[in-house]
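This is the structure I have questions about; it appears just below.
The values are calculated or read from the model by the stated rules, or taken from the named source; none is laboratory data. Quantities reported herein were computed from a predicted structural model and do not represent experimental measurements. As a convention, Cβ positions derive from the backbone with ideal geometry for all residues, glycine included, and neighbour counts pool all protein chains shown. Protein only, heavy atoms only, side chains kept; ligands, DNA and RNA dropped before computing areas. Shrake-Rupley method; radii C 1.70, N 1.55, O 1.52, S 1.80 Å.
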There are 4 protein chains.
Amino acid sequence: VSARDWPDIAGELTPEGHRLPVRVYYEDTDFSGLVYHASYVRFLERGRSDFLRLLGIGHREFAAEPGAPAFAVRRMTVEFHRPARIDDLVMVETSVQEITGSRLILRQAVTRGADRLVEAEVTVVVVDQSGRPRRIPALARDRLTGSASPPA
Amino acid sequence: VSARDWPDIAGELTPEGHRLPVRVYYEDTDFSGLVYHASYVRFLERGRSDFLRLLGIGHREFAAEPGAPAFAVRRMTVEFHRPARIDDLVMVETSVQEITGSRLILRQAVTRGADRLVEAEVTVVVVDQSGRPRRIPALARDRLTGSASPPA
Amino acid sequence: VSARDWPDIAGELTPEGHRLPVRVYYEDTDFSGLVYHASYVRFLERGRSDFLRLLGIGHREFAAEPGAPAFAVRRMTVEFHRPARIDDLVMVETSVQEITGSRLILRQAVTRGADRLVEAEVTVVVVDQSGRPRRIPALARDRLTGSASPPA
Amino acid sequence: VSARDWPDIAGELTPEGHRLPVRVYYEDTDFSGLVYHASYVRFLERGRSDFLRLLGIGHREFAAEPGAPAFAVRRMTVEFHRPARIDDLVMVETSVQEITGSRLILRQAVTRGADRLVEAEVTVVVVDQSGRPRRIPALARDRLTGSASPPA
């Protein structure tokens, strides 16, 4: 099995950023009958991971750089507007809100059709192996801002 | 977003049963650097859910029947042969091993290319709302054995 | 087994609110070797649940009231300062920041010794069974503000 | 916060092995209203981790040995007899069933009062950093069989 055989598995790049379809399974719900609030936090991370993957700046590319830098979440604000339920097919939407030398702020949403279920703002930094912040690598920065194209 | 727009999101029916591609995310790994063993148990459940979904005998169809029956796991044996890692794209394969009046035994595997990482045998029963076992509904039985076709 | 035999299992009420010790297990970590960021969100929920439990206004008491009201998270801001690791024993601290007729704002932190690893502000509302917001029941309000004592 | 201040946080050694009280939180349940089946697998791992911790042969002690050996689950059989529910306080019981040079078989159960909810047999091996099986270290073996005392 390769990503080529299942082209949708990492979602798709869009003019605004990225979108990833996510199915709600048993594991994502709780006894209230709805999706557990921390499950959306996992969904958001999947969206960010696949956005970076399709831009060619995922874990593997980063780990191969000098110092093995990695992205780390520093801050997130999540608003829960409406609940998702078992079997729902929701969309995780991710776009770049702001990028500075050392900090990336993403806007994310979980939507179901026209409904915005969850909205989030997530601040991500790049750290080296000892956890110290460092500058966002130039290639990552250029691809996130659209000034460099993603890999073919 | 609908399943029609993302046709692969529930995997696909195969001559042997069903297969579902699953991406390994941060949430699925642990500090050993590999996939956490209980994450495979979640992957297996996703495979079973989508197999039943594509056969048209998922939660929604069941919940609409008299007594609102539901599938419940009664027993599982899981063998862990080789580990998966972050970013891997693995396949969850599911097939019917045996079906009796009240019990369904599934064979499942998590594979990566030609490697069988995890193998499992999962016994599922149908219970009513009070948790009492009941017979597997005829339509579910016929679709699981292939004597009735899945919905178009 | 009863809570009486394991008195610490729900943490303890403090002058500021509540604190709950939480052990970091395999399941809470990810391949970076540190605790996965969404695991802290689960820890915070455990702290809130046990705070309400010790105040006598947990799920069971709420579910027995007319309309079966329930708490739901509406908004959360989480700051990740330092990481926790496998085997760490961390503390989840919870206190009431603000309470209005329909909204409860909690301050929470995950600490390890003198270090504040994670800080959060969580807005919780009360909803009825159809998801509509309703007023916070008087007893809950009085116990959360300290104007009524928790059950003995 | 130290383990000394919260003595129950790792459960306790018993003549049969170990027992650990576990609270059922939101995160452990699913939309059926009951505990999600993979949550018991997490509970079982917590029991094993704390059993090894109290025997003084946990991750830290192992990681300090030459070759940094680690325990890995090779096989597990889990039987689900009765469900647990939100707020339940369950007990995870662990005992050694068999130990050979390279393989440890544990019997585990999740109980609630006199009810045995879940029973499991879990085969664990010791692997080195490259994943190759190696012999169980002598001290671990002696403490698991009771021929050496746990640390004071």
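Across the stretch A:42-78, what is the number of residues that are surrounded by 19 or more Cβ atoms within 10 Å (Cβ to Cβ), out of contact with any Gly (no Cβ under 9 Å at 6 or more places or on another chain) and in contact (Cβ under 8 Å) with a residue 60 or more places away in the chain?
Count: 6.
Could you tell me which residue of the stretch C:17-41 is farthest from the other protein chains (Cβ to nearest Cβ), considering only residues that are surrounded by fewer than 24 Cβ atoms within 10 Å (Cβ to Cβ) and over 24 Å from B:LEU34 (Cβ atoms)?
The extreme case among them is C:GLY17.
Could you check the stretch D:85-127 and list, in sequence order, the residues that are within 12 Å of chain B (Cβ to nearest Cβ) and over 17 Å from the mean Cα position of the chain (by Cα)?
Result: D:ARG85, D:VAL127.
Checking C:VAL126 against (1) touching a Phe, Trp or Tyr at 6+ places or on another chain (Cβ under 9 Å); (2) of a type outside the set (Phe, Trp, Tyr); (3) without any contact (Cβ under 8 Å) to a residue 24 or more places away in the chain: exactly one of these is not met. Which one?
(3)
Within the stretch A:116-152, take every residue that is touching a His at 6+ places or on another chain (Cβ under 8 Å) and either of a type in the set (D, E, K, R) or within 14 Å of A:HIS18 (Cβ to Cβ) (or both) and give me the one that is least open to solvent (accessible area, probe 1.4 Å).
Filtering the stretch A:116-152 for residues that are touching a His at 6+ places or on another chain (Cβ under 8 Å) and either of a type in the set (D, E, K, R) or within 14 Å of A:HIS18 (Cβ to Cβ) (or both), the one least open to solvent (accessible area, probe 1.4 Å) comes out as A:GLU119.
Test B:PRO83 against the criterion of being open to solvent by 70 Å² or more (accessible area, probe 1.4 Å) and of a type outside the set (A, V, I, L, M), and give yes or no.
Details: open to solvent by 70 Å² or more (accessible area, probe 1.4 Å): no; of a type outside the set (A, V, I, L, M): yes.
In short, no.
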